[in-house]
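The values are calculated or read from the model by the stated rules, or taken from the named source; none is laboratory data. Source: prediction; values computed, not measured. Heads up, the Cβs are rebuilt from the backbone with ideal geometry, glycines too, and the neighbour counts pull from every protein chain shown.
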């Protein structure tokens, strides 16, 4: 089975991505990957250019976005259908219309159930609010309680619960995603960039996946199409050394 990169961003993610959508499509084709997902932060800014370039390279484009959630956590989502893309755009539009700061927005957790159809959610480092390079980044012990839900009442129950109290812990967020998207559309995402603390975080994520019976996927969090050495002039808020587009064997 071929590796498919499901979490990459382009230069349209300001201060994060360093490659144009066309460059990403080109290197994916060179690596003989059949598809790649582009998830720019809080928008689908590079989607059109990436889709055109990817199809020219005979690569399947997958579109999504990294959503900044209420409370500051991140939620990567992938559009699995046209309806999913429309729902993603609706979430982004509502969030941007509320914001008084250009380029910044936050999606409310209570909005997810209404627009979840056709979307796939990834729960990883940013979703849990854990940072591998920071000390003390892991949360308190996870509560053993896991609420069950009736699928036919999922949206109504989730809306009421999220409106009353947005989820605070990693476990609460996972439960909310399951209720909003359905268990089959939520995946736990792990990455490996040889950063201090990431092994502990990945183990905690895998434990969450086991507890909630979720599948685990590996992504590379691509920000560059090739390795770039660090320099004082690099205008990126995260060190670019480990977030370039690696080959499947490197990953």
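Observations
- Answer residue from region 179-190, given it is in contact with a helix residue (DSSP H, G or I) (Cβ under 7 Å, 6 or more places away or on another chain) and farther than 17 Å from residue 84 by Cβ and is surrounded by the most Cβ atoms within 10 Å (Cβ to Cβ) among those: 179
- Any chance residue 59 is free of Cβ contacts under 8 Å to residues at least 24 places away in the same chain and either over 21 Å from residue 117 (Cβ atoms) or surrounded by fewer than 17 Cβ atoms within 10 Å (Cβ to Cβ) (or both): no
- Of the residues in region 131-152, at least one is assigned to a loop (DSSP other than H, G, I, E, B), out of contact with any helix residue (DSSP H, G or I) (no Cβ under 6 Å at 6 or more places or on another chain), at pLDDT 50 or above and surrounded by fewer than 20 Cβ atoms within 10 Å (Cβ to Cβ).
- Qualifying residue in region 76-95 (condition: over 11 Å from the mean Cα position of the chain (by Cα), crowded, with 22+ Cβ neighbours inside 10 Å and either without any contact (Cβ under 8 Å) to a residue 12 or more places away in the chain or assigned to a strand (DSSP E or B) (or both)): yes
- Restricting region 1-25 to residues that are in contact with a helix residue (DSSP H, G or I) (Cβ under 7 Å, 6 or more places away or on another chain) and outside any strand (DSSP E or B), the residue that is modelled with the lowest pLDDT is 18.
- Scanning region 30-64 for residues that are modelled with pLDDT of 95 or more, more than 19 Å from residue 122 (Cβ to Cβ) and not in a loop (DSSP other than H, G, I, E, B) turns up 48, 49, 51, 52, 53, 54, 55, 56.
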